[in-house]
Structures are given as C-alpha cells and as structure tokens.
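Structure record follows, encoded as structure tokens.
What follows draws every value from the coordinates through simple rules; no lab data is involved. Quick caveat: nothing in here was measured; it's all calculated off a predicted structure. We place every Cβ from the backbone using ideal geometry, glycine too, and count neighbours over all the protein chains shown.
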Amino acid sequence: MKVLFIGGTGIISSACSQLALARGIDLYLLNRGQSARPVPEGAKVLIGDIRDRESAENALDDHQFDVVVNWIAFTPDHVENDIDLFSGRTGQYLFISSASAYQTPPANLPVTESTPLANRFWAYSRNKIACEERLMRAYREAHFPITIVRPSHTYDCRSLPFQGGYTVIDRMRKGKPVIVHGDGTSLWVLTHHRDFAKGFVGLLGNNHAIGDTYHITSDELLTWNQIHEILAHAAGTTANIVHIPSDVIAAYDAGWGDGLLGDKAHSMIFDNTKIKRIVPDFAATIPYARGAEEIMAWYDADPARQVVDAEFDALNDRIIAAWQNALPQ
C-alpha cells in the first residue's frame, strides 16, 4: 500500500509514520524538511510546501497513492486545495479533524461520532467543522473518497497538556502555586500517540471507512487535578494547586481562555465502540502515569529542553494574587 502523509513528523503523526512503516506500508512524507522530529527510517521524503500549489505539484510529480493523509489542514481553503490536488490521485483521503469540534459543552455523555458539531467558543474548532462539511459535500457530490478522524488531546514525550508547558513543571518544582481551571474535577482524556497510531493505521486503505467519521482516544478518564498530580509525581515533587474559574483566566489571556472555554473546561468522555468495531485490534494500553514518566524523562535528559516562559510565569503570579485578594477573608 502506497501512502502519502502531508506532514508526518508531528506529535500525532510521528507515531503513525513509525507504525505504518513497521507494518510494511510504502510511506511517503510531503513536507518542507524543517521538522524538529526526525524522519523515520524507511520513509521517502518529498520536499515541498502544500500551501504553495506549484511547490506541491512539483514534489508530487506523477505519483498516485492508495491513501493520502493531511495532518496539517486547518481551514476550508486548505481542504479545497486538497480536493483539487488529489481528486483522481488517491483511493482514500484522510482529514485530521478534532474532537473539540463536538458540541461544547456536550449535552450528553459519552460523546459518539453522531454527537452534533458545534463550538461557539473556539475558532480553531469552527474551522475544523467547516472543513468537515466541505469534505462531506465533496464525498456526496463528487465521490471524493474521504475519511474523517477526530483526535482528542493526543500527546508524545515532548507534550505537556496545559498552557505554558514546562513553565508549569518549573513552578511545581520551585514550590510555587499552579493554576487549575474551575474546581479541577472536570474529566479529561489524554491519549498516547502510540496508542492513537494503532487505531489510525488500521483505517488506512480500509474501504469500510470511506465516507465515515471516527474518533480515536484512550478510555482512561482523569480529572485535571489528577493530571497535575500525576505530572508532579513524575517530576519528583507535589502540585500546589490554586483553582480559578476559566472565565477569569480568559479575562487575563484570551488565547488561554479560548482553549479552556472551547475545550478543556468541559468534561469529555468518549465512546470508542466505532473505531474498535472497524479496527478490532485497537486498544489504548498506555496509562497517563506511564506517559508522564516518559515526558519528564525527556525533559530531564537535557536541561536545554526545560524552557521557562518568564512572561507566562509572571502572568500566573498576577492571576493568582488577584484571585486570592478578591476572595472573602
């Protein structure tokens, strides 16, 4: 099977590239050759820019593919370009959407693939919804062979699950308080990228997946309090948590607030029956406690990776001080 990944070296796609190659797939990567992650051994790299039509066409030359996956399509114009570029060139086109496209907050749990798509808080999610709608129309009207995949907070050893990244770990290790939105009890799902890959690679070339939609997540449920405590334990420290409402955080930092109000502030529980039915060997087996150990081992292996954002650090101090001063004495 000849497969093209547009991207292929990102947080999610890097594990999918490795597993695809391990399963004997003839894998091509179309990218600009600028990724911080290495190209997996055995992948064939086509140097080109998918955002530059001439560059992409020159890189693709006369290649035909059984499957094309675009890991870096975010807006309707991106998928419009792909429909035009890959019509007649591939037997299946996979679009990487987002579970944040689901109704937010969800009216019913668990979330299934038939949960409505609606997110009034986050432009990123609305753009993914618009992409899905355009691709579904292309499937219905022109038989463009789409499959839509909705990941939800998939991570690798470099990925910390909160705003500020390593700055939060640094605060924990220094005994400083860290912000957790709301009361910290909303439920969240974190999926290791190697687990995600097992479900995803099973969709490649799967004719039963054409015209359909799947999310792929772990079944482990964690509160945000637990997530911070697990990471603190892996970092050899404890988490001094301060709970602050998401809308208060948003008043200080709109980008941080969008990611909370449009996604993380709401409990999300996923029913993975559909992906397990079409990919029977899919099972998420890496608990976040093990993933957190991988993350901290990666950061601790090289002090240069332990980047502290001084501006974000100061913002945390400012928000915490203002919130604590506003509380009844």
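Figures for the structure shown
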| read-out | value |
| --- | --- |
| Share of Cα-Cα pairs in segment 209-250 lying beyond 12 Å, as whole percent | 74 percent |
| Length added when fully stretched, Asp84-Asp26, from 0.36 nm per residue minus Cα-Cα | 18.5 nm |
| With Cα atoms, 0 to 90° folded angle of helix 76-86 axis to the chain main axis | 30 degrees |
| Label point distance in nm, Arg53-Asp300, each placed 7 Å from Cα along Cα→Cβ | 5.3 nm |
| Among the listed pairs Lys44/Lys276; Lys198/Lys274; Lys198/Lys276; Lys2/Lys44, those beyond 21 Å (Cα-Cα) | Lys44/Lys276 |
| Net length gained if the chain between Ala142 and Ala36 were fully extended (0.36 nm per residue, minus Cα distance) | 34.4 nm |
| On Cα atoms only, tilt of 288-300 relative to the major axis of the chain in degrees | 80 degrees |
| Hydrodynamic radius of the chain per Kirkwood, over alpha carbon pairs, in Å | 20.9 Å |
| Using alpha carbons only: equivalent-ellipsoid semi-axes of segment 1-109, gyration tensor based, whole Å | 24, 18, 14 |
| Pairwise FRET efficiency - Asp77 versus Val307, Cβ, R0 = 35 Å, nearest 0.05 | 0.60 |
| Estimated inter-spin distance, Ile320 and Leu221, nm [label 7 Å along Cα→Cβ] | 3.0 nm |
| Rounded if a/c under 1.5, otherwise prolate or oblate - segment 234-329, Cα gyration tensor axes | oblate |
| Qualifying trypsin sites (Lys or Arg not before Pro) for segment 1-77 [loop in DSSP, other Cβ within 10 Å: at most 16] | Arg23, Arg32, Arg51 |
| Modelled FRET efficiency - R0 25 Å, Asn108 with His243, Cβ distances, 0.05 increments | 0.45 |
| Net lengthening on full extension, Tyr252/Ile210 (0.36 nm per residue, minus Cα-Cα) | 10.8 nm |
